[in-house]
Amino acid sequence: MSNSYHRVKMCAFRQPRNCTLTLIPDVQRLVQGSHNIEEIEYYWLEWRRSTGLATRQQFVAFMDLYKKTAQLNGFVHAEDYWFRNLELSCHQATTLLNELMTSLRPLFLQFHAHVRSSLRKMHGERLVPRGRPYPQHLAEVFLGNAFRRPRANWFVDLPSPEMDLANITDALHRRGLSTTQRVFWNVAEYYRGLGLPQLESSFWSHAKPVTTSNEDQCWHKAWRFYAMSGTNFSFCPLNDEERFFDMFEAQCDLHYFRAATAQPTLLREEPFPNFSNALGKCFSLAASSPRYLRKLGLLQGKQWWGLPSRLNRLYMQGLRIIFLLPVFYVLDRYRVEVLSGHIEADDNEAFWRLTQMYTGATAPHRRNNEQFDVPAKLLMEVDDQYTSQLLSTVLQFQLYIHFGSMTGQYLEGSADRPLDLCDLSDHQEIGPGLLHAMSLGSSLHYKEVLQQLLGTGELSMKGLLTYFQPLQDWLTLQNRQHGVEVGWN
């Protein structure tokens, strides 16, 4: 199924004989720059026809085989097998997920209401009616633009439209960080300042460039060799904002792989998938703090940590982060419901009920069981457990608030030291505990690792909610002042 997704081609909207378009980057670029509602809707429907409906029988067969695989591995209930990497039963995992989603709900409802109001201004009340879920195809374009480094004026209701968004790419070249090698060693120095081991000076000579013409596939990556203690590194030659912050994530993986070599080969994995990713994203988030970027010479002037600029930054980050969490939840909730026998594997109407309930989105036209849209939303991998990605995002902010409190960079209730401005650089007290947690690999349950690292074994949404609290306050006030309806029927 994954291979068919990668190979699928779509026909062009105005050139039906040109059937050479791939979803990424061809169709993605077309719809991101389009103001033609018919064109956007065409590609939304065409993708689902080419992938979801085309792989219906394969998806049903896969879910059936998954149930049999669970039984052969000793699991009475297939839904428990789904969460085996967390070492939690289905009941334990779904209870945790429901608690996290309940905590997120107030923030998500306010943000959803504001985005729906923006979509209504752009497309009219006929397409975006009041009090209803917003059209998924229009929302995907709106949210997708948050990943494309747009200018501030693209978003009609940005908190502070008079303040432009920081251009980190230009600043990197102005500062002299104009090559990937220079960025690599600056980031290596950042981690040394946290108290992690210094990378050997010869390390870069063994790094290899990524060879791809697709910008969306060009990222930095650390590699490990299970039978040996060595690590290697491949880098993307592009030098822009996305690759700059990605370097923090990739080098964190590098330190994780090296620390985990203290364990036997079979215990060098993460406590749960994407655990290391949460660590890397935590420090990438810390590196995006205006206070650190000013220290690095990438931002000039204190206006970047004034409330207007902070709200713009939080708004853009929120579009990229907050709206994905309910989607991750639905993708796993649907498949768990199938595995537990509550719904059929190809119950398209059940999928849309969950989608509308938790994400506040609806299809441009009513979708029934004659269509099948689930595979089209599975981001190319039908057996990915998106629970681990959701938990990784939650952990990212939980780590950030913990390290911020530990270093005194964050003080609860302080206007001078809010979490979104927290700069962790040069705080060597972070290193020992972090390195110890990395060295545990998967030798302990993730709750025991968290207990040693954070002082609690439970995942909490508090870090994320604290980080976005200024934005939630602004959204709530704006929605109230402009009579924007919150929630949907």
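Confirm whether CYS218 is touching a Phe, Trp or Tyr at 6+ places or on another chain (Cβ under 6 Å) and farther than 21 Å from SER289 by Cβ. Walk me through how you get there before you give the answer.
On the way: touching a Phe, Trp or Tyr at 6+ places or on another chain (Cβ under 6 Å): no; farther than 21 Å from SER289 by Cβ: yes.
So CYS218 fails the test.
Between LEU158, LEU199, which is surrounded by 13 or more Cβ atoms within 10 Å (Cβ to Cβ) and not assigned by TED's automatic domain parsing to the domain that holds MET438?
The conditions single out LEU199.
Here is a list: SER439, SER414. Which entry is of a type in the set (Gly, Ala, Ser), touching a residue at least 12 places away in the same chain (Cβ under 8 Å), surrounded by fewer than 21 Cβ atoms within 10 Å (Cβ to Cβ) and farther than 25 Å from ARG56 by Cα? Give the steps one after another, and end with the answer.
Details: SER414 fails: touching a residue at least 12 places away in the same chain (Cβ under 8 Å).
Exactly one residue qualifies, and that residue is SER439.
Which pairs do you get when a residue that is under 14 Å from THR95 (Cβ atoms), found in segment 326-339, comes within reach of a residue that is at pLDDT 95 or above and acidic (Asp, Glu), reach meaning Cβ atoms under 8 angstrom, with the pair 6+ apart or on two chains?
Every condition considered, the pairs that remain are VAL336/GLU79.
What residue, of ALA113, ALA61, is buried (at least 19 other Cβ atoms within 10 Å of the Cβ) and either in contact with a Gly (Cβ under 6 Å, 6 or more places away or on another chain) or in a helix (DSSP H, G or I) (or both)? Quick ask: steps written out before the conclusion?
Values: ALA61 fails: buried (at least 19 other Cβ atoms within 10 Å of the Cβ).
Being buried (at least 19 other Cβ atoms within 10 Å of the Cβ) and either in contact with a Gly (Cβ under 6 Å, 6 or more places away or on another chain) or in a helix (DSSP H, G or I) (or both) holds for just one of ALA113, ALA61, which is ALA113.
Taking into account only those residues within segment 5-18 that are assigned to a loop (DSSP other than H, G, I, E, B) and aliphatic (A, V, I, L, M), which is surrounded by the fewest Cβ atoms within 10 Å (Cβ to Cβ)?
Ranking the candidates gives VAL8 first.
Please give the number of the condition GLU349 fails out of (1) of a type outside the set (Ser, Thr, Tyr); (2) outside any loop (DSSP other than H, G, I, E, B); (3) buried (at least 20 other Cβ atoms within 10 Å of the Cβ).
Of the numbered conditions (1) of a type outside the set (Ser, Thr, Tyr); (2) outside any loop (DSSP other than H, G, I, E, B); (3) buried (at least 20 other Cβ atoms within 10 Å of the Cβ), the odd one out for GLU349 is (3).
Restricting attention to segment 422-436, does a residue exist that is assigned to a helix (DSSP H, G or I), over 16 Å from LEU86 (Cα atoms) and either of a type in the set (Val, Ile, Thr) or not assigned by TED's automatic domain parsing to the domain that holds ALA93 (or both)?
yes
Just for segment 19-33: of the residues that are surrounded by fewer than 14 Cβ atoms within 10 Å (Cβ to Cβ) and within 22 Å of the chain's Cα centre (by Cα), which one is farthest from LYS9 (Cα to Cα)?
ARG29
Can you give me the ranges of the helices (runs of 4 or more DSSP H) entirely in segment 233-299 with at least 3 residues that are small (Gly, Ala, Ser) and within 17 Å of the chain's Cα centre (by Cα)? Before the answer, list the steps.
Numbers: elements: 241-260, 275-287, 290-295.
Fully inside segment 233-299 and qualifying: 275-287.
Determine if segment 22-38 includes at least one residue that is under 29 Å from ASP383 (Cβ atoms), outside any helix (DSSP H, G or I) and outside the structural domain of HIS137 (by TED's automatic domain parsing).
Within segment 22-38 (the criterion being under 29 Å from ASP383 (Cβ atoms), outside any helix (DSSP H, G or I) and outside the structural domain of HIS137 (by TED's automatic domain parsing)), the answer is yes, since at least one residue qualifies.
Yes/no per residue for (1) exposed (fewer than 13 other Cβ atoms within 10 Å of the Cβ); (2) outside any helix (DSSP H, G or I); (3) not assigned by TED's automatic domain parsing to the domain that holds GLN356:
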position: GLN452; (1), (2), (3): no, no, no
position: GLU458; (1), (2), (3): yes, yes, no
position: LEU464; (1), (2), (3): no, no, no
position: PRO470; (1), (2), (3): no, no, no
position: TRP474; (1), (2), (3): no, no, no
position: GLN478; (1), (2), (3): no, no, no
position: VAL486; (1), (2), (3): no, yes, no
position: ASN489; (1), (2), (3): yes, yes, no
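The values are calculated or read from the model by the stated rules, or taken from the named source; none is laboratory data. Just so it is clear, the structure is predicted and the values come from calculations on it, not from any experiment. As a convention, Cβ positions derive from the backbone with ideal geometry for all residues, glycine included, and neighbour counts pool all protein chains shown.
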